[in-house]
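**Student:** Below you will find the structure I want to go over with you.
Each value in this text was obtained by applying a stated rule to the coordinates, not by laboratory testing. Here the structure is a predicted model, which is why all the values come from computation and not from measurement. As a convention, Cβ positions derive from the backbone with ideal geometry for all residues, glycine included, and neighbour counts pool all protein chains shown.
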Amino acid sequence: MYETYKHIPFHSANTFTEETLIQKSQHYFEHLNQRRSLRFFSEKSFPIEVLENIILAASTAPSGANKQPWTFCVVSSPELKRQIRIAAEEEEHISYDSRMSDEWKEDLRPLATDWQKPFLEVAPYLIIVFKRPYEIEVGGKKHQNYYVNESVGLACGFLLTAVHQLGLVALTHTPSPMDFLTKILNRPSNERPYLLIPVGYPAENATVPDIKRKSKNEVLVWYK
Ligand code: IYR
């Protein structure tokens, strides 16, 4: 038999006038527009409760059939961070030397990234996000999850806005290939590494590239 969820009243948070809505949306955009991907972190740490709340916030993201197909691993151990840095740099060194196309390297040139990833040891916490393409039922049968990439991408977006809201900084790092994370963190066979996100405070002398965001006309098409 198919059971359906009981429905409960939904309480909207929105009691704003139209004028306030316009003002608040403008302020929200301006706030999010301050977010930047940081590669220069301070060693300064912050309480683990903060990180737990950031991950709970990320885990409120919508997901296919509400399967919440994600696991967030948090690394603060200096020994594990070192192992992750060494393995990531090994892969990245090969990628920059021979796996990435000339066009790709040309596109990255203005960002001046290279295979060296010191931030993996400096940032107080590394969040390694795993996607779960399927669950393993008792007895070993595989049970599919749905829209896994979309769901986990949304959760990572929520995570990044939570980090920014707190005045902390993060980087969406994609060492490639990422299977070394499965091994180092001893993850089960139904998890695949999705994104590595160092989180912390910016270094005192941190800089960011002077990039521009696309304008409204470039990203928005109206059909009125
Ligand atoms: N994963 C590499 C390369 C890299 C790729 C893209 I696309 C970027 O926006 C930035 C870097 C690295 O982390 O250096």
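**Student:** Evaluate the following for K67: is it under 24 Å from G200 (Cα atoms), among the charged types (D, E, K, R) and under 20 Å from the mean Cα position of the chain (by Cα)?
**Tutor:** Values: under 24 Å from G200 (Cα atoms): no; among the charged types (D, E, K, R): yes; under 20 Å from the mean Cα position of the chain (by Cα): yes.
When the stated conditions are applied, K67 does not pass them.
**Student:** Go through segment 137-224 and tell me which helices (runs of 4 or more DSSP H), entirely inside it, have 2 or more residues that are within 16 Å of the ligand (Cβ to nearest atom). Break it down stepwise before answering.
**Tutor:** Values: elements: 148-165, 179-184, 216-219.
Helices (runs of 4 or more DSSP H) meeting the threshold: 148-165, 179-184.
**Student:** Moving on. Condition first: of a type in the set (G, A, S) and either within 18 Å of the chain's Cα centre (by Cα) or closer than 17 Å to S176 by Cα (or both). Now tell me which residues in segment 70-111 satisfy that. Spell out how you get there, then give the answer.
**Tutor:** Filtering segment 70-111 for residues of a type in the set (G, A, S) gives 76-77, 87-88, 95, 98, 101.
S76, A87, A88, S95, S98, S101 - these are the residues of segment 70-111 that are of a type in the set (G, A, S) and either within 18 Å of the chain's Cα centre (by Cα) or closer than 17 Å to S176 by Cα (or both).
**Student:** Still on this structure, I have one more. List the pairs whose first member sits in segment 100-118 and is without any contact (Cβ under 8 Å) to a residue 40 or more places away in the chain and over 17 Å from L38 (Cβ atoms), whose second member is outside any loop (DSSP other than H, G, I, E, B) and more than 7 Å from the ligand (Cβ to nearest atom), and whose Cβ atoms are under 7 Å apart, counting only residues at least 6 apart or on separate chains?
**Tutor:** Within 7 Å, the pairs are W115/E89; W115/H93; W115/Y96.
**Student:** Now a separate question. Find all pairs meeting these conditions: Cβ atoms under 6 angstrom apart; at least six residues apart or on different chains; first residue within segment 18-36 and touching a residue at least 40 places away in the same chain (Cβ under 8 Å) and surrounded by 10 or more Cβ atoms within 10 Å (Cβ to Cβ); second residue assigned to a helix (DSSP H, G or I) and of a type outside the set (S, T, N, Q).
**Tutor:** Listed pairs, sorted by first residue: R35/H164.
**Student:** Here is a list of conditions, (1) outside any helix (DSSP H, G or I); (2) among the aliphatic types (A, V, I, L, M); (3) surrounded by 10 or more Cβ atoms within 10 Å (Cβ to Cβ), and I8 meets all of them except one; can you say which number that is?
**Tutor:** (3)
**Student:** Evaluate the following for Y125: is it among the hydroxyl-bearing types (S, T, Y) and within 11 Å of the ligand (Cβ to nearest atom)?
**Tutor:** Details: among the hydroxyl-bearing types (S, T, Y): yes; within 11 Å of the ligand (Cβ to nearest atom): no.
In short, no.
**Student:** Sticking with this one: Among helices (runs of 4 or more DSSP H) lying entirely in segment 41-122, which contain 3 or more residues that are touching a Pro at 6+ places or on another chain (Cβ under 7 Å) and buried (at least 16 other Cβ atoms within 10 Å of the Cβ)?
**Tutor:** Ranges flagged: 78-94.
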